[in-house]
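The block underneath contains the structure these notes are about, expressed in structure tokens.
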Ligand code: ADP
Ligand code: ADP
Ligand code: ZN
């Protein structure tokens, strides 16, 4: 099963993707995580990406598409149970490129899930988010506190607050989402491929709805 998980920053994409990975053995492909890893390693892509991510802007399509293509080229054979795209595509150009990749590599997207949520809720989610430096699992100081403060429950890694989690960058990211990514929802809606899910529910209820959607696609 291959899934696209969409939604504004803080909607819960990463949280839900991790649950699907655990239960179904899917591979999570988070372009945000890939950019942060590339930046930590100071690769060419990582250095370019940082110019954009730190201001809450999208990394240019050609750079992003190249990174995802490369990722599929190197890893598709190991994704036995399928994959979840978390944070890709984010523009119509990227969606078209993904269609090209699907034809080229011979895979099919089975579900496009959109987590719908009010922007006011997102601010509280983003300001309280803490991310594991090692495995990328996200926690929340109120909604999902780690067992030990500052330490990842999953791998023991250090939890940190992302550089783009300050008020200005958050505002820019929500703006970017409305301008560049929201049109993509209409694109998938027009193609009759979209399933909307209420992202304001508890993590467990969102997950239940996602599973219901996937059951229907089997
Ligand atoms: P995204 O990947 O879409 O940006 P995350 O999964 O990282 O979002 O979630 C953003 C923050 O909100 C995290 O701190 C996470 O723990 C928290 N969160 C995620 N889903 C929910 C939910 N349903 N209710 C409350 N908090 C949530
Ligand atoms: P969030 O979880 O808050 O939605 P991500 O971790 O997915 O954020 O992404 C962080 C940043 O990485 C984005 O603000 C953007 O700069 C960059 N990025 C991630 N995915 C893409 C993409 N598909 N296209 C362009 N830039 C991206
Ligand atoms: Zn961890």
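Readers should treat all values here as calculations from the given coordinates under stated rules, not as data from a laboratory. Note that the structure is predicted; figures quoted are calculated from it, not measured. Glycine also receives a Cβ, built like all others from the backbone with ideal geometry; neighbour counts cover every protein chain displayed.
Would you confirm whether or not region 44-52 contains a residue that is in contact (Cβ under 8 Å) with a residue 40 or more places away in the chain and either buried (at least 16 other Cβ atoms within 10 Å of the Cβ) or under 9 Å from the mean Cα position of the chain (by Cα) (or both)? No, every residue in region 44-52 fails to be in contact (Cβ under 8 Å) with a residue 40 or more places away in the chain and either buried (at least 16 other Cβ atoms within 10 Å of the Cβ) or under 9 Å from the mean Cα position of the chain (by Cα) (or both). Looking only at region 108-118, residues that are in contact with a helix residue (DSSP H, G or I) (Cβ under 7 Å, 6 or more places away or on another chain) and surrounded by 13 or more Cβ atoms within 10 Å (Cβ to Cβ) come to 7 in all. The residue of region 150-166 that is nearest to the chain's Cα centre (by Cα), among those that are more than 12 Å from ligand 1 (Cβ to nearest atom) and under 14 Å from residue 54 (Cβ atoms), is 163. Entry remark, region 58-73: residues being under 15 Å from the mean Cα position of the chain (by Cα) and part of a loop (DSSP other than H, G, I, E, B) number 2 in total. In the set 207, 188, 143, 160, only one residue is in contact (Cβ under 8 Å) with a residue 12 or more places away in the chain and in contact with a helix residue (DSSP H, G or I) (Cβ under 6 Å, 6 or more places away or on another chain); that residue is 207.
Within region 53-73, the residues that satisfy the criterion of being within 11 Å of ligand 2 (Cβ to nearest atom) and surrounded by 18 or more Cβ atoms within 10 Å (Cβ to Cβ) are 53, 56, 58, 59, 64, 65, 67, 68. Looking at region 74-114 only, could you name the residues that are assigned to a helix (DSSP H, G or I) and either within 14 Å of ligand 2 (Cβ to nearest atom) or in contact (Cβ under 8 Å) with a residue 12 or more places away in the chain (or both)? Answer for region 74-114, where residues must be assigned to a helix (DSSP H, G or I) and either within 14 Å of ligand 2 (Cβ to nearest atom) or in contact (Cβ under 8 Å) with a residue 12 or more places away in the chain (or both): 75, 76, 78, 92, 93, 94, 95, 96, 97, 98, 101, 105.
Selection of region 9-40 for residues being more than 7 Å from ligand 2 (Cβ to nearest atom), part of a loop (DSSP other than H, G, I, E, B) and under 23 Å from residue 127 (Cα atoms) yields 11, 12.
A residue that is within 12 Å of ligand 1 (Cβ to nearest atom), surrounded by fewer than 17 Cβ atoms within 10 Å (Cβ to Cβ) and outside any helix (DSSP H, G or I) cannot be found anywhere in region 120-137. If only one of 168, 149 is loosely packed, with under 14 Cβ neighbours inside 10 Å and in contact (Cβ under 8 Å) with a residue 24 or more places away in the chain, which one is it? From the options 168, 149, the qualifying one is 168. Here is the figure for region 152-165: residues that are loosely packed, with under 14 Cβ neighbours inside 10 Å and either in a loop (DSSP other than H, G, I, E, B) or touching a strand residue (DSSP E or B) at 6+ places or on another chain (Cβ under 9 Å) (or both) total 4. Criterion first (within 16 Å of ligand 3 (Cβ to nearest atom), within 13 Å of the chain's Cα centre (by Cα) and either in contact (Cβ under 8 Å) with a residue 12 or more places away in the chain or more than 28 Å from residue 144 (Cα to Cα) (or both)) does residue 16 satisfy it? So residue 16 does not fit the description; no. When residues in region 142-157 are screened for being away from ligand 3 (no atom under 11 Å from the Cβ) and closer than 16 Å to residue 14 by Cβ, 2 of them pass.
Evaluate region 183-199: report whether one residue or more is within 13 Å of ligand 2 (Cβ to nearest atom), touching a strand residue (DSSP E or B) at 6+ places or on another chain (Cβ under 8 Å) and more than 23 Å from residue 22 (Cα to Cα). Looking for residues that are within 13 Å of ligand 2 (Cβ to nearest atom), touching a strand residue (DSSP E or B) at 6+ places or on another chain (Cβ under 8 Å) and more than 23 Å from residue 22 (Cα to Cα), one finds at least one in region 183-199, hence yes.
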